[in-house]
Amino acid sequence: MAVRQEKVNLLGLTRQGLEGFFVSIGEKPFRASQVLKWIHQFGVADFEAMTNISKVLRSRLQELAEIRAPQILMQQHSRDGTRKWLLKVDGGNSVEMVFIPEKDRGTLCVSSQVGCALDCTFCSTARQGFNRNLSAAEIIGQLWMASQALGRDPRGERIISNVVLMGMGEPLLNFDNVVAAMDLMMDDLAWGLSKRRVTISTAGVVPALKRLKEVSDASLAVSLHAPDDALRDQLVPLNRKYPIAVLLDACREYIAGESKRVVTFEYVMLKGINDSAEQARKLARLLDSVPSKVNLIPFNPFSESRYRRPPQEVIDRFASILQDKGIVTITRRTRGGDIDAACGQLVGQVQDRTRRSCSTMIIKEAC
Ligand code: SAH
């Protein structure tokens, strides 16, 4: 009896991967360009609609392949226009993605893992534990789904202009799938976003950051959150493995040779913990040698969180100390707070939380 083969999901294949697929079924590699456009530019999931492909090939594709994105389980609209979707992914899990509309852009924040293994003390995703990496199809599938849900603006332009990998998970611990998804975001035949509009955010997985430079030129954001190792060891336990000096070296390396590039440093503002004037000055000294920009993120509370958000004047004082030292500093406006869509509030549904106890092992293996 013939064994039924599982269908290949073409959604997560890069141009190169798709060329490989077509060659493997005895077709010409140029088919990849056609199919890439159908999937990512026209949002088509049905091979029958791909009219510049022969009928014979279309029915072969139907047999061998599929274009399958995560399904929407729930969606929420915030009063400020922010939207959040809960997406079902394989294995009974679900992840969240968020769309943040602004005057001059529309940013989609996507997840890279089901849960997170890093255990940052101020992040609610960390509470969920870690289940698994998302596949490339599940990552790019978030952009694909959101783009369909949002449609086009009155001029026929796409509504999503920027993508940030700042949802659930640590993207650099899911290296290959994240790089493949970012390739698709930046490939002219797929989403065609410029490198300034695709940002990967990391808590500082240094060896992976070094590898990233070899294969991608996406923009880099680093979750710093503290101006010294003693405090960062507490807030971001990964710091014990890759302390600040080592991390900043890797950041400098990442943007080396490109005079206009900067690293964005994210700094969550925690009342009485990392928000003093002295800590602002320390941070400014630390960043003196890295072309940088700082994003201050007022802490977003979640149930049973032990931290508080500092008063606005404390955040403003912190920002102005950095600005006085010549560092471009932006305080991230909290968006979607009424639907728990703000930074650090994404949770989804993570099966088998017992794996949380393996999180140290997962990190060890991955770095
Ligand atoms: N793991 C990656 C991607 C997460 S990005 C990283 O650490 O960069 C999400 C950003 O929101 C990170 O800077 C994260 O530290 C920050 N964050 C997490 N919890 C938060 C909270 N409760 N309030 C504000 N920011 C938070």
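The values are calculated or read from the model by the stated rules, or taken from the named source; none is laboratory data. Predicted model, so just to flag it, every value in this text is computed and none were measured. Quick reminder, even Gly has a Cβ in these numbers, built from the backbone with ideal geometry, and neighbours come from all protein chains shown. Each accessible area value is taken on the protein alone, full model and side chains, heavy atoms only, with ligands, DNA and RNA left out. Shrake-Rupley method; radii C 1.70, N 1.55, O 1.52, S 1.80 Å.
Data overview
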read-out: Computed label-point distance, nm, for sites residue 261 and residue 121 using a 7 Å Cα→Cβ extension; value: 3.3 nm
read-out: Share antiparallel - DSSP beta bridges, region 155-286, percent rounded to 5; value: 0 percent
read-out: Label-reachable residues, region 9-30, where backbone N falls under 20 Å from a point 7 Å from residue 62's Cα toward its Cβ; value: 9-11, 22, 25-27
read-out: Helix axis angle, 312-324 relative to the chain longest principal axis, alpha carbon, degrees; value: 90 degrees
read-out: Evaluated at q = 0.19, 0.21 Å⁻¹: base-10 log I(q)/I(0), Debye formula over Cα of region 1-151; value: -1.18, -1.30
read-out: Potential lengthening between residue 338 and residue 148 on full extension [0.36 nm per residue; Cα-Cα distance subtracted]; value: 66.0 nm
read-out: The chain - percent relative contact order, Cα under 8 Å, separation 6 or more; value: 18 percent
read-out: In Hz, Karplus ³J(HN,Hα) per residue of region 204-220 (6.51, -1.76, 1.60; θ = phi - 60°; x = Gly, Pro); value: x, 7, 4, x, 5, 5, 5, 5, 4, 4, 6, 10, 8, 10, 4, 6, 10
read-out: Using alpha-carbon coordinates, inclination of helix 136-150 to the longest axis of the chain, degrees; value: 90 degrees
read-out: Accessible area in square angstrom per residue, the chain, 1.4 angstrom probe; value: 46 Å²
read-out: Excluding exposed DSSP-loop trypsin sites (Lys or Arg not before Pro) (at most 10 other C-beta within 10 Å), longest clean stretch of the chain; value: 156-259
read-out: Alpha-carbon Rg/Rh ratio, for region 142-261, with Rh computed the Kirkwood way; value: 1.03
read-out: Carbon plus sulfur fraction of accessible area for the chain, probe 1.4 Å, in percent; value: 49 percent
read-out: Size of electric dipole in the chain: Cβ of Lys, Arg +1 and of Asp, Glu -1, about Cα centre, debye, nearest 20; value: 240 debye
read-out: Dipole magnitude of region 244-315 about its Cα centre (Cβ charges: Lys, Arg +1; Asp, Glu -1), debye to nearest 20; value: 120 debye
read-out: Solvent-free Debye scattering, log10 I(q)/I(0), computed from the Cα coordinates of region 130-204 at q = 0.20, 0.24, 0.25 Å⁻¹; value: -0.88, -1.20, -1.28
read-out: Theoretical gain in end-to-end length, residue 188 to residue 158 [0.36 nm per residue, Cα-Cα removed]; value: 9.4 nm
read-out: Ranking by accessible area, most exposed first, for 214, 266 with a 1.4 Å probe; value: 214, 266
read-out: Note, ³J(HN,Hα) from phi for region 99-106, Karplus 6.51, -1.76, 1.60, rounded to Hz, x at Gly and Pro; value: 10, 10, x, 10, 4, 9, 6, x
read-out: Highest-MSF residue in the chain out of 227, 154, 29 [GNM, Cα springs under 10 Å]; value: 154
read-out: GNM top mover of 248, 18, 57 - the chain, alpha-carbon springs below 10 Å; value: 57
read-out: Only Lys, Arg (+1) and Asp, Glu (-1) charged, at Cβ; region 1-157 dipole about Cα centre in debye; value: 220 debye
read-out: Helix-only CD estimate at 222 nm, as mean residue ellipticity for the chain, using -39500 (n - 2.57) per DSSP H run (n ≥ 4); value: -9500 deg cm²/dmol
read-out: Long-range HN-HN contacts of residue 130 with modeled amide H, under 5 Å; value: 116, 356
read-out: Extension gain, residue 213 back to residue 5 (0.36 nm per residue minus Cα-Cα distance, nm); value: 71.2 nm
read-out: 0 to 90° range, to nearest 10: angle between helix 175-186 axis and the chain longest Cα axis; value: 80 degrees
